[in-house]
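K.L.:
Quick one: structure below, then a few questions.
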Amino acid sequence: MSGQTTTRTGLRKIVVRGLGVTALSNAIEGVLQIGVLMVLARQLAPDDFGLMSAVMVVVGVASISYQLGIGPALIQRPVVTTRHLAAGFWFTNLLAALLFGLVYWGADTIAYWFNIERLAPYLRVGAFLFIIEGFGVVPVARLSRDLQFKYLAVSKVASYAIGYGAIGVGCAYAGLGAAALIAAQVAQSFVHTLLAFVKRPTLPILHVPLNELKELLRFGGGFTLGRFANYAATNGDNFVAARYLGAEALGVYGRAYQLLVMPSTLFGRVVDRVLFPVVSGIQNEPKRVLKAYEHALATVAVVVMPLSVLTIVNAQEIVRILLGPGWMGVVVPFQILAIGSLSRTNYKISDSVVRALGLVYQRALVQVVYGVLVIGGAFVGVQFGLSGLSSAVLFAVTANYMMLNALCYSKLGGRWRHFVHSHLVGIVLTILAVPLAMGTAFVGRMINAYPVTILAGSGAITVAVCFVGLWIMYRMGLGGVQAMAADILVLAGNRTRA
(Lines give C-alpha, C1' and ligand atoms only; values in the text may rest on other atoms or scores of the structure.)
Protein backbone atom coordinates (compact mmCIF):
# COMPACT_ATOMS: atom_id res chain seq x y z
CA MET A 1 0.00 0.00 0.00
CA SER A 2 1.43 3.34 -0.99
CA GLY A 3 0.96 6.71 0.57
CA GLN A 4 -0.51 7.95 -2.70
CA THR A 5 -3.26 5.35 -2.53
CA THR A 6 -4.11 6.38 1.00
CA THR A 7 -4.26 10.07 0.11
CA ARG A 8 -6.32 9.58 -3.03
CA THR A 9 -8.93 7.27 -1.59
CA GLY A 10 -9.11 8.82 1.84
CA LEU A 11 -8.06 7.16 5.08
CA ARG A 12 -11.55 7.00 6.51
CA LYS A 13 -13.02 5.32 3.43
CA ILE A 14 -10.23 2.74 3.30
CA VAL A 15 -10.60 1.92 6.99
CA VAL A 16 -14.39 1.91 7.08
CA ARG A 17 -14.81 -0.13 3.91
CA GLY A 18 -12.15 -2.56 5.01
CA LEU A 19 -13.78 -2.85 8.41
CA GLY A 20 -17.15 -3.31 6.74
CA VAL A 21 -16.28 -6.26 4.53
CA THR A 22 -14.14 -7.88 7.23
CA ALA A 23 -16.78 -7.31 9.90
CA LEU A 24 -19.46 -8.85 7.70
CA SER A 25 -17.39 -11.99 7.18
CA ASN A 26 -16.56 -12.17 10.88
CA ALA A 27 -20.22 -11.79 11.74
CA ILE A 28 -20.95 -14.75 9.47
CA GLU A 29 -18.11 -16.68 11.04
CA GLY A 30 -19.42 -15.73 14.47
CA VAL A 31 -22.84 -17.14 13.66
CA LEU A 32 -21.17 -20.32 12.41
CA GLN A 33 -19.12 -20.54 15.60
CA ILE A 34 -22.20 -20.17 17.76
CA GLY A 35 -24.02 -22.86 15.80
CA VAL A 36 -21.04 -25.22 15.94
CA LEU A 37 -20.56 -24.55 19.66
CA MET A 38 -24.21 -25.34 20.37
CA VAL A 39 -23.82 -28.69 18.61
CA LEU A 40 -20.42 -29.63 20.01
CA ALA A 41 -21.33 -28.67 23.59
CA ARG A 42 -24.15 -31.20 23.44
CA GLN A 43 -22.04 -33.93 21.83
CA LEU A 44 -18.77 -33.59 23.74
CA ALA A 45 -17.87 -33.59 27.44
CA PRO A 46 -16.10 -30.73 29.29
CA ASP A 47 -12.85 -32.72 29.46
CA ASP A 48 -12.87 -33.07 25.65
CA PHE A 49 -12.80 -29.29 25.38
CA GLY A 50 -10.17 -29.22 28.11
CA LEU A 51 -7.90 -31.54 26.12
CA MET A 52 -8.28 -29.34 23.04
CA SER A 53 -7.48 -26.22 25.06
CA ALA A 54 -4.30 -27.86 26.38
CA VAL A 55 -3.23 -28.85 22.84
CA MET A 56 -3.78 -25.32 21.56
CA VAL A 57 -1.71 -23.85 24.42
CA VAL A 58 1.27 -25.89 23.21
CA VAL A 59 0.59 -25.31 19.51
CA GLY A 60 0.20 -21.58 20.05
CA VAL A 61 3.53 -21.21 21.85
CA ALA A 62 5.35 -23.20 19.18
CA SER A 63 3.66 -21.25 16.37
CA ILE A 64 5.01 -17.99 17.75
CA SER A 65 8.48 -19.56 17.84
CA TYR A 66 8.63 -20.49 14.17
CA GLN A 67 6.81 -17.44 12.77
CA LEU A 68 8.93 -14.90 14.69
CA GLY A 69 6.83 -12.01 13.45
CA ILE A 70 7.75 -12.59 9.79
CA GLY A 71 4.20 -11.99 8.54
CA PRO A 72 3.70 -8.65 10.33
CA ALA A 73 7.22 -7.58 9.34
CA LEU A 74 6.36 -8.12 5.66
CA ILE A 75 3.21 -6.01 6.12
CA GLN A 76 4.89 -3.21 8.06
CA ARG A 77 7.97 -2.70 5.83
CA PRO A 78 7.67 0.24 3.38
CA VAL A 79 9.34 -1.78 0.59
CA VAL A 80 9.27 -5.56 0.16
CA THR A 81 11.28 -7.38 -2.51
CA THR A 82 11.24 -10.98 -3.73
CA ARG A 83 14.30 -11.57 -1.56
CA HIS A 84 12.32 -10.55 1.54
CA LEU A 85 9.58 -12.98 0.52
CA ALA A 86 12.13 -15.78 0.04
CA ALA A 87 13.77 -15.08 3.38
CA GLY A 88 10.43 -15.18 5.17
CA PHE A 89 9.26 -18.32 3.39
CA TRP A 90 12.33 -20.47 4.06
CA PHE A 91 12.87 -19.25 7.60
CA THR A 92 9.32 -19.93 8.79
CA ASN A 93 9.08 -23.33 7.12
CA LEU A 94 12.44 -24.60 8.37
CA LEU A 95 11.59 -23.62 11.93
CA ALA A 96 8.11 -25.12 11.56
CA ALA A 97 9.61 -28.46 10.58
CA LEU A 98 11.97 -28.35 13.56
CA LEU A 99 9.17 -27.61 16.03
CA PHE A 100 6.99 -30.31 14.50
CA GLY A 101 9.64 -32.85 15.42
CA LEU A 102 10.11 -31.48 18.93
CA VAL A 103 6.40 -31.57 19.76
CA TYR A 104 5.69 -34.86 18.00
CA TRP A 105 8.44 -36.79 19.75
CA GLY A 106 8.20 -34.87 23.00
CA ALA A 107 4.44 -35.30 23.40
CA ASP A 108 4.72 -37.69 26.38
CA THR A 109 6.92 -35.27 28.30
CA ILE A 110 4.59 -32.34 27.59
CA ALA A 111 1.57 -34.40 28.70
CA TYR A 112 3.36 -35.22 31.97
CA TRP A 113 4.11 -31.52 32.50
CA PHE A 114 0.41 -30.69 32.07
CA ASN A 115 -0.51 -33.56 34.40
CA ILE A 116 -2.96 -34.90 31.76
CA GLU A 117 -2.01 -38.43 30.70
CA ARG A 118 -4.40 -38.62 27.70
CA LEU A 119 -2.91 -35.51 26.09
CA ALA A 120 0.04 -37.07 24.19
CA PRO A 121 -1.73 -38.54 21.11
CA TYR A 122 -3.71 -35.34 20.56
CA LEU A 123 -0.49 -33.33 20.70
CA ARG A 124 1.04 -35.49 17.97
CA VAL A 125 -1.87 -34.76 15.65
CA GLY A 126 -1.83 -31.06 16.57
CA ALA A 127 1.87 -30.87 15.65
CA PHE A 128 0.92 -31.13 11.96
CA LEU A 129 -0.53 -27.61 12.29
CA PHE A 130 3.04 -26.25 12.24
CA ILE A 131 3.74 -27.70 8.80
CA ILE A 132 0.38 -26.56 7.40
CA GLU A 133 0.40 -23.02 8.78
CA GLY A 134 4.08 -22.47 8.04
CA PHE A 135 3.35 -22.52 4.31
CA GLY A 136 0.66 -19.88 4.76
CA VAL A 137 2.62 -17.19 6.59
CA VAL A 138 4.01 -15.36 3.54
CA PRO A 139 0.91 -15.66 1.27
CA VAL A 140 -1.39 -14.37 4.04
CA ALA A 141 0.99 -11.47 4.74
CA ARG A 142 1.03 -10.56 1.04
CA LEU A 143 -2.77 -10.54 0.93
CA SER A 144 -2.91 -8.24 3.97
CA ARG A 145 -0.25 -5.93 2.54
CA ASP A 146 -2.23 -5.66 -0.71
CA LEU A 147 -5.39 -4.83 1.31
CA GLN A 148 -7.18 -7.90 -0.04
CA PHE A 149 -9.62 -7.76 2.85
CA LYS A 150 -12.51 -9.34 0.96
CA TYR A 151 -10.55 -12.40 -0.11
CA LEU A 152 -9.08 -12.89 3.37
CA ALA A 153 -12.55 -12.58 4.86
CA VAL A 154 -14.09 -15.12 2.50
CA SER A 155 -11.24 -17.58 3.04
CA LYS A 156 -11.64 -17.39 6.83
CA VAL A 157 -15.36 -18.10 6.64
CA ALA A 158 -14.90 -20.92 4.12
CA SER A 159 -12.11 -22.58 6.11
CA TYR A 160 -14.12 -22.46 9.35
CA ALA A 161 -17.26 -23.77 7.66
CA ILE A 162 -15.35 -26.73 6.21
CA GLY A 163 -13.12 -27.39 9.22
CA TYR A 164 -15.49 -27.05 12.15
CA GLY A 165 -18.91 -26.87 10.49
CA ALA A 166 -18.47 -30.02 8.39
CA ILE A 167 -15.55 -32.11 9.65
CA GLY A 168 -15.69 -31.16 13.32
CA VAL A 169 -19.42 -31.65 13.72
CA GLY A 170 -19.35 -34.84 11.64
CA CYS A 171 -16.58 -36.35 13.75
CA ALA A 172 -18.37 -35.35 16.96
CA TYR A 173 -21.54 -37.14 15.85
CA ALA A 174 -19.36 -40.15 14.98
CA GLY A 175 -18.34 -40.31 18.65
CA LEU A 176 -14.68 -39.32 18.25
CA GLY A 177 -14.69 -37.03 21.30
CA ALA A 178 -11.77 -34.60 21.58
CA ALA A 179 -10.36 -35.96 18.30
CA ALA A 180 -13.25 -34.20 16.53
CA LEU A 181 -11.92 -30.83 17.72
CA ILE A 182 -8.36 -31.61 16.65
CA ALA A 183 -9.50 -32.81 13.22
CA ALA A 184 -11.57 -29.64 12.79
CA GLN A 185 -8.63 -27.36 13.60
CA VAL A 186 -6.27 -29.18 11.23
CA ALA A 187 -8.83 -29.06 8.41
CA GLN A 188 -9.52 -25.35 8.96
CA SER A 189 -5.82 -24.47 8.85
CA PHE A 190 -5.27 -26.55 5.71
CA VAL A 191 -8.13 -24.89 3.79
CA HIS A 192 -7.07 -21.38 4.85
CA THR A 193 -3.45 -21.97 3.81
CA LEU A 194 -4.52 -23.51 0.50
CA LEU A 195 -6.76 -20.55 -0.37
CA ALA A 196 -4.00 -18.07 0.45
CA PHE A 197 -1.59 -19.94 -1.83
CA VAL A 198 -4.10 -19.99 -4.66
CA LYS A 199 -4.43 -16.19 -4.55
CA ARG A 200 -0.79 -15.31 -3.79
CA PRO A 201 1.41 -18.26 -4.83
CA THR A 202 4.89 -17.95 -3.39
CA LEU A 203 7.75 -19.54 -5.38
CA PRO A 204 10.89 -18.35 -3.59
CA ILE A 205 14.48 -18.45 -4.79
CA LEU A 206 16.42 -21.50 -3.60
CA HIS A 207 18.41 -19.90 -0.80
CA VAL A 208 17.82 -17.73 2.26
CA PRO A 209 18.88 -14.08 1.66
CA LEU A 210 20.50 -13.35 5.02
CA ASN A 211 20.53 -9.54 4.79
CA GLU A 212 16.80 -9.43 4.05
CA LEU A 213 16.15 -11.95 6.81
CA LYS A 214 17.95 -9.69 9.28
CA GLU A 215 15.78 -6.77 8.19
CA LEU A 216 12.61 -8.78 8.79
CA LEU A 217 13.80 -10.10 12.16
CA ARG A 218 14.69 -6.59 13.34
CA PHE A 219 10.96 -5.86 13.47
CA GLY A 220 9.84 -9.46 13.92
CA GLY A 221 12.08 -10.01 16.94
CA GLY A 222 10.43 -7.30 18.98
CA PHE A 223 7.03 -8.35 17.70
CA THR A 224 7.70 -11.95 18.77
CA LEU A 225 8.82 -10.96 22.25
CA GLY A 226 5.51 -9.20 22.64
CA ARG A 227 3.61 -12.19 21.22
CA PHE A 228 5.30 -14.59 23.63
CA ALA A 229 4.38 -12.38 26.56
CA ASN A 230 0.85 -11.84 25.23
CA TYR A 231 0.40 -15.56 24.65
CA ALA A 232 1.57 -16.28 28.17
CA ALA A 233 -1.00 -13.76 29.36
CA THR A 234 -3.89 -15.09 27.29
CA ASN A 235 -3.10 -18.77 27.93
CA GLY A 236 -1.32 -18.81 31.28
CA ASP A 237 -4.66 -19.03 33.04
CA ASN A 238 -5.48 -22.15 31.00
CA PHE A 239 -2.25 -23.82 32.07
CA VAL A 240 -2.89 -23.01 35.73
CA ALA A 241 -6.47 -24.30 35.47
CA ALA A 242 -5.32 -27.52 33.77
CA ARG A 243 -2.49 -28.08 36.23
CA TYR A 244 -4.39 -27.43 39.46
CA LEU A 245 -8.08 -27.93 38.65
CA GLY A 246 -7.95 -30.65 35.95
CA ALA A 247 -9.20 -31.08 32.39
CA GLU A 248 -12.90 -30.89 33.29
CA ALA A 249 -12.52 -27.55 35.11
CA LEU A 250 -10.42 -26.28 32.22
CA GLY A 251 -13.25 -27.27 29.87
CA VAL A 252 -15.78 -25.28 31.92
CA TYR A 253 -13.49 -22.26 32.24
CA GLY A 254 -12.61 -22.50 28.56
CA ARG A 255 -16.27 -22.34 27.50
CA ALA A 256 -16.84 -19.28 29.73
CA TYR A 257 -13.78 -17.67 28.19
CA GLN A 258 -14.81 -18.64 24.65
CA LEU A 259 -18.33 -17.24 25.01
CA LEU A 260 -16.94 -13.92 26.15
CA VAL A 261 -13.86 -13.69 23.95
CA MET A 262 -15.51 -14.88 20.72
CA PRO A 263 -16.98 -11.44 19.83
CA SER A 264 -13.84 -9.52 20.83
CA THR A 265 -11.61 -12.01 19.01
CA LEU A 266 -13.63 -11.65 15.83
CA PHE A 267 -13.56 -7.89 16.24
CA GLY A 268 -9.81 -8.00 16.89
CA ARG A 269 -9.27 -9.82 13.61
CA VAL A 270 -11.32 -7.18 11.81
CA VAL A 271 -9.36 -4.32 13.36
CA ASP A 272 -5.94 -5.88 12.92
CA ARG A 273 -6.43 -6.85 9.28
CA VAL A 274 -7.51 -3.31 8.43
CA LEU A 275 -5.91 -0.88 10.88
CA PHE A 276 -2.44 -2.46 10.94
CA PRO A 277 -1.68 -2.15 7.21
CA VAL A 278 -3.48 1.20 6.89
CA VAL A 279 -1.81 2.85 9.90
CA SER A 280 1.54 1.37 8.82
CA GLY A 281 1.15 3.38 5.62
CA ILE A 282 0.67 6.68 7.49
CA GLN A 283 2.85 5.98 10.55
CA ASN A 284 4.74 9.25 9.99
CA GLU A 285 1.53 11.34 10.32
CA PRO A 286 0.75 11.17 14.06
CA LYS A 287 -2.19 13.60 13.98
CA ARG A 288 -4.07 11.49 11.44
CA VAL A 289 -3.30 8.31 13.36
CA LEU A 290 -4.43 9.84 16.68
CA LYS A 291 -7.71 11.04 15.20
CA ALA A 292 -8.46 7.62 13.72
CA TYR A 293 -7.44 5.91 16.97
CA GLU A 294 -9.68 7.97 19.25
CA HIS A 295 -12.55 7.70 16.79
CA ALA A 296 -12.21 3.91 16.78
CA LEU A 297 -12.21 3.79 20.59
CA ALA A 298 -15.38 5.87 20.75
CA THR A 299 -17.20 3.78 18.16
CA VAL A 300 -16.37 0.52 19.92
CA ALA A 301 -17.40 1.90 23.31
CA VAL A 302 -20.86 2.73 21.96
CA VAL A 303 -21.36 -0.88 20.88
CA VAL A 304 -19.50 -2.90 23.49
CA MET A 305 -20.45 -1.17 26.74
CA PRO A 306 -24.23 -1.70 26.44
CA LEU A 307 -23.68 -5.24 25.11
CA SER A 308 -21.48 -6.10 28.08
CA VAL A 309 -24.32 -5.12 30.41
CA LEU A 310 -26.72 -7.28 28.41
CA THR A 311 -24.25 -10.16 28.65
CA ILE A 312 -23.86 -9.89 32.42
CA VAL A 313 -27.61 -9.57 33.06
CA ASN A 314 -28.55 -12.48 30.80
CA ALA A 315 -25.57 -14.76 31.44
CA GLN A 316 -27.63 -17.74 32.57
CA GLU A 317 -29.91 -17.49 29.54
CA ILE A 318 -26.93 -17.26 27.18
CA VAL A 319 -25.34 -20.35 28.73
CA ARG A 320 -28.57 -22.37 28.62
CA ILE A 321 -29.20 -21.48 24.97
CA LEU A 322 -25.66 -21.98 23.66
CA LEU A 323 -24.29 -24.78 25.84
CA GLY A 324 -27.29 -26.41 27.50
CA PRO A 325 -28.40 -26.85 31.14
CA GLY A 326 -25.43 -29.09 31.94
CA TRP A 327 -23.00 -26.16 31.71
CA MET A 328 -24.40 -23.80 34.37
CA GLY A 329 -21.04 -23.76 36.15
CA VAL A 330 -19.94 -21.46 33.33
CA VAL A 331 -22.29 -18.63 34.42
CA VAL A 332 -20.34 -16.95 37.24
CA PRO A 333 -16.89 -16.96 35.56
CA PHE A 334 -18.60 -15.75 32.38
CA GLN A 335 -20.18 -12.80 34.22
CA ILE A 336 -16.89 -11.83 35.87
CA LEU A 337 -14.98 -11.94 32.59
CA ALA A 338 -17.75 -9.95 30.85
CA ILE A 339 -17.01 -6.94 33.07
CA GLY A 340 -13.79 -6.49 31.09
CA SER A 341 -15.41 -6.66 27.64
CA LEU A 342 -14.54 -3.07 26.75
CA SER A 343 -10.92 -3.39 27.87
CA ARG A 344 -10.56 -6.70 26.03
CA THR A 345 -11.99 -5.27 22.81
CA ASN A 346 -10.34 -1.85 22.78
CA TYR A 347 -6.89 -3.12 23.69
CA LYS A 348 -6.90 -4.87 20.33
CA ILE A 349 -7.19 -1.45 18.69
CA SER A 350 -4.35 -0.08 20.82
CA ASP A 351 -2.24 -3.13 20.06
CA SER A 352 -2.69 -2.77 16.29
CA VAL A 353 -1.74 0.92 16.38
CA VAL A 354 1.29 0.32 18.60
CA ARG A 355 2.64 -2.34 16.21
CA ALA A 356 1.93 -0.21 13.14
CA LEU A 357 3.95 2.61 14.71
CA GLY A 358 6.90 0.23 15.09
CA LEU A 359 6.87 0.27 18.91
CA VAL A 360 7.36 -3.48 19.09
CA TYR A 361 9.93 -3.54 21.89
CA GLN A 362 7.94 -1.15 24.07
CA ARG A 363 4.91 -3.30 23.35
CA ALA A 364 6.88 -6.39 24.36
CA LEU A 365 7.61 -4.82 27.75
CA VAL A 366 3.91 -4.08 28.27
CA GLN A 367 3.02 -7.65 27.34
CA VAL A 368 5.58 -8.99 29.81
CA VAL A 369 3.88 -7.04 32.59
CA TYR A 370 0.50 -8.28 31.33
CA GLY A 371 1.74 -11.88 31.37
CA VAL A 372 3.09 -11.54 34.89
CA LEU A 373 -0.23 -10.13 36.08
CA VAL A 374 -2.22 -12.98 34.47
CA ILE A 375 -0.03 -15.87 35.58
CA GLY A 376 0.76 -14.46 39.01
CA GLY A 377 -2.88 -13.57 39.57
CA ALA A 378 -3.99 -16.98 38.30
CA PHE A 379 -1.83 -18.81 40.85
CA VAL A 380 -3.47 -16.71 43.59
CA GLY A 381 -6.99 -16.71 42.16
CA VAL A 382 -7.12 -20.45 41.49
CA GLN A 383 -7.12 -20.98 45.26
CA PHE A 384 -10.67 -19.61 45.16
CA GLY A 385 -11.79 -21.72 42.22
CA LEU A 386 -12.87 -20.54 38.80
CA SER A 387 -14.35 -17.30 40.17
CA GLY A 388 -10.99 -16.29 41.65
CA LEU A 389 -9.21 -17.21 38.44
CA SER A 390 -11.65 -15.13 36.38
CA SER A 391 -11.25 -12.13 38.70
CA ALA A 392 -7.46 -12.23 38.34
CA VAL A 393 -7.76 -12.30 34.55
CA LEU A 394 -10.23 -9.38 34.61
CA PHE A 395 -7.76 -7.22 36.53
CA ALA A 396 -4.89 -8.10 34.17
CA VAL A 397 -6.91 -7.38 31.01
CA THR A 398 -7.92 -3.95 32.30
CA ALA A 399 -4.33 -3.10 33.23
CA ASN A 400 -3.09 -4.21 29.81
CA TYR A 401 -5.56 -1.93 28.03
CA MET A 402 -4.51 1.09 30.07
CA MET A 403 -0.81 0.42 29.51
CA LEU A 404 -1.18 0.03 25.73
CA ASN A 405 -3.30 3.18 25.53
CA ALA A 406 -0.65 5.08 27.49
CA LEU A 407 1.96 3.86 24.99
CA CYS A 408 -0.16 5.08 22.06
CA TYR A 409 -0.71 8.47 23.64
CA SER A 410 2.96 8.94 24.51
CA LYS A 411 3.86 8.37 20.84
CA LEU A 412 1.00 10.31 19.25
CA GLY A 413 0.81 13.22 21.69
CA GLY A 414 -2.73 12.48 22.86
CA ARG A 415 -4.33 13.74 26.06
CA TRP A 416 -6.08 11.64 28.66
CA ARG A 417 -9.10 13.92 28.81
CA HIS A 418 -9.72 13.11 25.14
CA PHE A 419 -9.44 9.43 26.01
CA VAL A 420 -12.13 9.84 28.67
CA HIS A 421 -14.25 11.92 26.31
CA SER A 422 -14.14 9.16 23.67
CA HIS A 423 -15.99 6.86 26.09
CA LEU A 424 -18.68 9.29 27.24
CA VAL A 425 -21.32 8.34 24.66
CA GLY A 426 -20.93 4.66 25.51
CA ILE A 427 -21.16 5.40 29.23
CA VAL A 428 -24.38 7.38 28.81
CA LEU A 429 -26.00 4.64 26.71
CA THR A 430 -24.97 2.01 29.25
CA ILE A 431 -26.46 3.95 32.16
CA LEU A 432 -29.72 4.25 30.25
CA ALA A 433 -29.82 0.56 29.30
CA VAL A 434 -28.91 -1.06 32.64
CA PRO A 435 -32.18 -0.67 34.60
CA LEU A 436 -34.41 -1.58 31.66
CA ALA A 437 -32.37 -4.68 30.74
CA MET A 438 -32.32 -5.86 34.36
CA GLY A 439 -36.04 -5.24 34.78
CA THR A 440 -36.91 -7.14 31.62
CA ALA A 441 -34.80 -10.14 32.67
CA PHE A 442 -36.25 -10.13 36.19
CA VAL A 443 -39.85 -10.13 34.93
CA GLY A 444 -39.07 -12.86 32.42
CA ARG A 445 -37.66 -15.12 35.11
CA MET A 446 -40.58 -14.40 37.44
CA ILE A 447 -43.07 -15.68 34.86
CA ASN A 448 -40.82 -18.61 33.88
CA ALA A 449 -40.42 -17.46 30.28
CA TYR A 450 -38.17 -19.40 27.93
CA PRO A 451 -34.48 -18.37 28.08
CA VAL A 452 -34.53 -17.31 24.42
CA THR A 453 -37.59 -15.10 25.13
CA ILE A 454 -35.88 -13.43 28.09
CA LEU A 455 -32.70 -12.82 26.12
CA ALA A 456 -34.60 -11.50 23.11
CA GLY A 457 -36.64 -9.15 25.31
CA SER A 458 -33.61 -7.75 27.14
CA GLY A 459 -31.71 -7.45 23.87
CA ALA A 460 -34.55 -5.61 22.13
CA ILE A 461 -34.85 -3.17 25.03
CA THR A 462 -31.10 -2.53 25.08
CA VAL A 463 -30.88 -1.97 21.32
CA ALA A 464 -33.93 0.32 21.34
CA VAL A 465 -32.54 2.43 24.18
CA CYS A 466 -29.18 2.76 22.40
CA PHE A 467 -30.74 3.80 19.10
CA VAL A 468 -32.99 6.38 20.77
CA GLY A 469 -30.08 7.71 22.81
CA LEU A 470 -27.86 7.99 19.73
CA TRP A 471 -30.62 9.72 17.77
CA ILE A 472 -31.12 12.30 20.53
CA MET A 473 -27.38 12.96 20.78
CA TYR A 474 -27.11 13.22 17.01
CA ARG A 475 -29.91 15.78 16.94
CA MET A 476 -28.08 17.69 19.68
CA GLY A 477 -25.10 17.97 17.30
CA LEU A 478 -22.56 15.94 19.25
CA GLY A 479 -19.51 15.60 16.98
CA GLY A 480 -18.63 12.06 18.00
CA VAL A 481 -22.05 10.70 17.12
CA GLN A 482 -22.09 12.60 13.83
CA ALA A 483 -18.70 11.13 12.89
CA MET A 484 -20.07 7.62 13.52
CA ALA A 485 -23.05 8.39 11.31
CA ALA A 486 -20.67 9.56 8.57
CA ASP A 487 -18.86 6.22 8.73
CA ILE A 488 -22.16 4.37 8.36
CA LEU A 489 -22.93 6.40 5.24
CA VAL A 490 -19.48 5.62 3.78
CA LEU A 491 -20.01 1.91 4.45
CA ALA A 492 -23.53 1.99 3.00
CA GLY A 493 -22.25 3.69 -0.13
CA ASN A 494 -19.57 1.04 -0.52
CA ARG A 495 -22.11 -1.78 -0.25
CA THR A 496 -24.40 -0.09 -2.78
CA ARG A 497 -21.60 0.11 -5.34
CA ALA A 498 -20.61 -3.49 -4.57
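The values are calculated or read from the model by the stated rules, or taken from the named source; none is laboratory data. Everything numeric here is computed off the predicted structure, so don't read it as measured data. Don't worry about glycine lacking a Cβ; one is built from the backbone with ideal geometry, like all the others, and counts go over all protein chains shown.
K.L.:
Give 106, 88, 101 a once-over and let me know the one that is surrounded by 20 or more Cβ atoms within 10 Å (Cβ to Cβ) and not hydrophobic (A, V, I, L, M, F, W, C). Give the derivation first.
P.N.:
Working: 106 fails: surrounded by 20 or more Cβ atoms within 10 Å (Cβ to Cβ); 101 fails: surrounded by 20 or more Cβ atoms within 10 Å (Cβ to Cβ).
After applying the criteria, what remains is 88.
K.L.:
For the range 115-158, enumerate the residues that are surrounded by fewer than 23 Cβ atoms within 10 Å (Cβ to Cβ), more than 28 Å from residue 35 (Cβ to Cβ) and aromatic (Phe, Trp, Tyr).
P.N.:
Within the range 115-158, just 135 meets the criteria.
K.L.:
Kindly establish whether residue 361 is touching a Phe, Trp or Tyr at 6+ places or on another chain (Cβ under 7 Å), modelled with pLDDT under 85 and hydroxyl-bearing (Ser, Thr, Tyr). Reasoning before the result, please.
P.N.:
Details: touching a Phe, Trp or Tyr at 6+ places or on another chain (Cβ under 7 Å): no; modelled with pLDDT under 85: yes; hydroxyl-bearing (Ser, Thr, Tyr): yes.
No: the conditions fail for residue 361.
K.L.:
Across the range 421-447, what is the number of residues that are modelled with pLDDT of 85 or more and outside any helix (DSSP H, G or I)?
P.N.:
1
K.L.:
Kindly list the number of the only condition in (1) under 24 Å from residue 293 (Cβ atoms); (2) surrounded by 18 or more Cβ atoms within 10 Å (Cβ to Cβ); (3) small (Gly, Ala, Ser); (4) without any contact (Cβ under 8 Å) to a residue 60 or more places away in the chain that fails for residue 410.
P.N.:
It is condition (2) that residue 410 fails.
K.L.:
Which members of the range 317-340 meet the condition of being among the small types (Gly, Ala, Ser) and at pLDDT 85 or above? Outline the logic, then answer.
P.N.:
Step one: list which residues in the range 317-340 are among the small types (Gly, Ala, Ser), which gives 324, 326, 329, 338, 340.
Listed by number, the residues that qualify are 338, 340.
K.L.:
One residue is enough: does the range 389-396 have a residue meeting the conditions under 20 Å from the mean Cα position of the chain (by Cα), among the aromatic types (Phe, Trp, Tyr) and more than 17 Å from residue 437 (Cβ to Cβ)?
P.N.:
Scanning the range 389-396 turns up at least one residue that is under 20 Å from the mean Cα position of the chain (by Cα), among the aromatic types (Phe, Trp, Tyr) and more than 17 Å from residue 437 (Cβ to Cβ).
K.L.:
Sort out which residues of the range 159-217 are assigned to a loop (DSSP other than H, G, I, E, B) and either closer than 30 Å to residue 39 by Cα or modelled with pLDDT of 90 or more (or both), and write them in order of number. Before you say what the answer is, go through the steps one by one.
P.N.:
Of the residues in the range 159-217, the ones assigned to a loop (DSSP other than H, G, I, E, B) are 174-177, 200-209.
Listed by number, the residues that qualify are 174, 175, 176, 177.
K.L.:
Cβ-Cβ under 6 Å, sequence separation 6+ or interchain: first residue in the range 350-368 and without any contact (Cβ under 8 Å) to a residue 40 or more places away in the chain, partner assigned to a helix (DSSP H, G or I) and of a type in the set (Gly, Ala, Ser). Which pairs?
P.N.:
Pairs found: none.
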